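Here is the structure we will look at.
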Amino acid sequence: MTLTVLSVVGARPNFMKLAPVSRALATRPAVRHIVVHTGQHYDAELSDDFFRDLAIPAPECNLGVGSGSHGQQTGAVMQRFEPLCVQLRPDVVIVYGDVNSTMAAALVAAKLGARVAHVEAGLRSRDWSMPEEINRVVTDRVSDVLFAPSRDAVANLRGEGVAAQRIHFVGNVMVDSLIAALPTARAAGAPARYGVAGRPYTLVTLHRPSNVDDPATLEELVETLTALAADAPVLFPVHPRTRARLESAGLPRAPNPGLRWLDPMPYLDMLSLVLSAGVVVTDSGGLQEETSYLGVPCVTVRPGTERPITCLEGTNRLVPPRRGAVERAVLEARRTRPQTPPVIERWDGEAGARIAAVLCDGVRFD
Ligand code: UD1
């Protein structure tokens, strides 16, 4: 009996989560694993480059949904995924993370009666203004198998009434990808290529609507980075939506040699830069986890996080998008860099293998 497993991915952070699951399922002869790309992210820098760096086979189908409002994007994924799901009749549909493609594919699969498995289940920011929080809650509600990355995620699901036997504490697939990529990333030498080797540079990513959509907030953040660049170089790979907001706000107002605006980066170059950074300033979910695993100080420009373990056990601290708060946190983070990276339960490179064991062998991970 062949088990047909369909993985649906659409946006950059999904690809890092797919890679270890794809590798683990490839070792199972009785599994037919089909990858569907919704096309939510379509620029090579946000999509193809990641498939290359993570050595994931090219998706069998691309739904080509592209950009749009939340309703348009979610609706387009649902309309285009439904006939494919009917045609392929998967035993399991795996969805990843919290992007619009995740929720849209989960809804379609659940209504067609397929078994839905959610990788990275149970994360909660409790902030309904984040589109991702809505995506997380809806996806978990319609999923049959919930793969939690941390004990707090398990507790959130139990608190919402999800039956214990549907929840599996498998660990963190992002960390699987990171561990697999470390030797190549160490050899990639990105700091030297960007002229910052041996310097305590700050690495920045910002793309959340709460930070980049309001021109006054965005301007204050640009001023903050300009001030930080006086002490040490600041490297800022800019997400396309941030680039568009900067352009429409006429920012930055003046060039600053210490603050380097870069294109979005491939996975291995980014990891290579994270490894040697003095501090990372971000609003990304994945970077909060990657810095925690590596013991690199992280300042997250957000009022809360769905990944509290990165603050409690890792190297993360939260700040509002205000100049004084970010500057203070960066100085403090640099001073308190841990001697050895923290050890977080089941962030060990085995999450993908555990997921395959649950789906193929019926194993439980409490
Ligand atoms: C999405 C996810 C977010 C995730 C982020 C990672 C949702 C609701 N949000 O946000 O959780 O952290 O991906 O990158 O799903 N664009 C391009 N090229 C592309 C894709 C997008 O230029 O390949 C531009 C377009 O102007 C587009 C904008 O980026 O309108 C936003 O893209 P979208 O996919 O809607 O959301 P992200 O901000 O990327």
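The values are calculated or read from the model by the stated rules, or taken from the named source; none is laboratory data. None of these values were measured; they are calculated from a predicted model. Virtual Cβ from ideal backbone geometry, glycine too; neighbours counted across all protein chains shown. In case anyone asks, the SASA skips ligands and DNA or RNA and just uses the protein heavy atoms, side chains included. Shrake-Rupley method; radii C 1.70, N 1.55, O 1.52, S 1.80 Å.
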Candidate set: the range 24-47, residues that are in contact with a helix residue (DSSP H, G or I) (Cβ under 6 Å, 6 or more places away or on another chain) and not aliphatic (A, V, I, L, M); chosen: the one surrounded by the fewest Cβ atoms within 10 Å (Cβ to Cβ): 28
Residue that is nearest to residue 18 (Cα to Cα) [pool: residues in the range 335-366 that are open to solvent by 70 Å² or more (accessible area, probe 1.4 Å) and in a helix (DSSP H, G or I)]: 361
Some residue of the range 250-260 being in contact (Cβ under 8 Å) with a residue 12 or more places away in the chain, charged (D, E, K, R) and within 19 Å of residue 239 (Cβ to Cβ): yes
Residue list for the range 266-277, restricted to those being open to solvent by less than 10 Å² (accessible area, probe 1.4 Å) and either in contact with a Lys or Arg (Cβ under 8 Å, 6 or more places away or on another chain) or farther than 16 Å from residue 13 by Cβ (or both): 272, 273, 277
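Residue-wise test of (1) part of a helix (DSSP H, G or I); (2) surrounded by 19 or more Cβ atoms within 10 Å (Cβ to Cβ); (3) within 16 Å of the ligand (Cβ to nearest atom); (4) assigned by TED's automatic domain parsing to the domain that holds residue 234.
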site: 127; (1), (2), (3), (4): no, no, yes, no
site: 140; (1), (2), (3), (4): yes, yes, yes, no
site: 158; (1), (2), (3), (4): yes, no, no, no
site: 186; (1), (2), (3), (4): yes, no, no, yes
site: 191; (1), (2), (3), (4): yes, yes, no, yes
site: 197; (1), (2), (3), (4): no, no, no, yes
Residues of the range 282-315 satisfying the condition of being of a type in the set (S, T, N, Q) and open to solvent by 10 Å² or more (accessible area, probe 1.4 Å): 284, 305, 315
Subset tally (residues that are within 17 Å of the chain's Cα centre (by Cα) and touching a residue at least 60 places away in the same chain (Cβ under 8 Å)) for the range 297-333: 8
Residue satisfying all of: in the range 11-56; within 11 Å of the ligand (Cβ to nearest atom) and in contact with a Gly (Cβ under 7 Å, 6 or more places away or on another chain); nearest to residue 181 (Cα to Cα) among these: 16
Scope the range 221-238; condition open to solvent by less than 20 Å² (accessible area, probe 1.4 Å) and outside any helix (DSSP H, G or I); matching residues: 229, 232, 233, 234, 235, 236, 237, 238
The range 1-10, subset more than 16 Å from the ligand (Cβ to nearest atom) and in contact with a helix residue (DSSP H, G or I) (Cβ under 9 Å, 6 or more places away or on another chain), residue most open to solvent (accessible area, probe 1.4 Å): 3
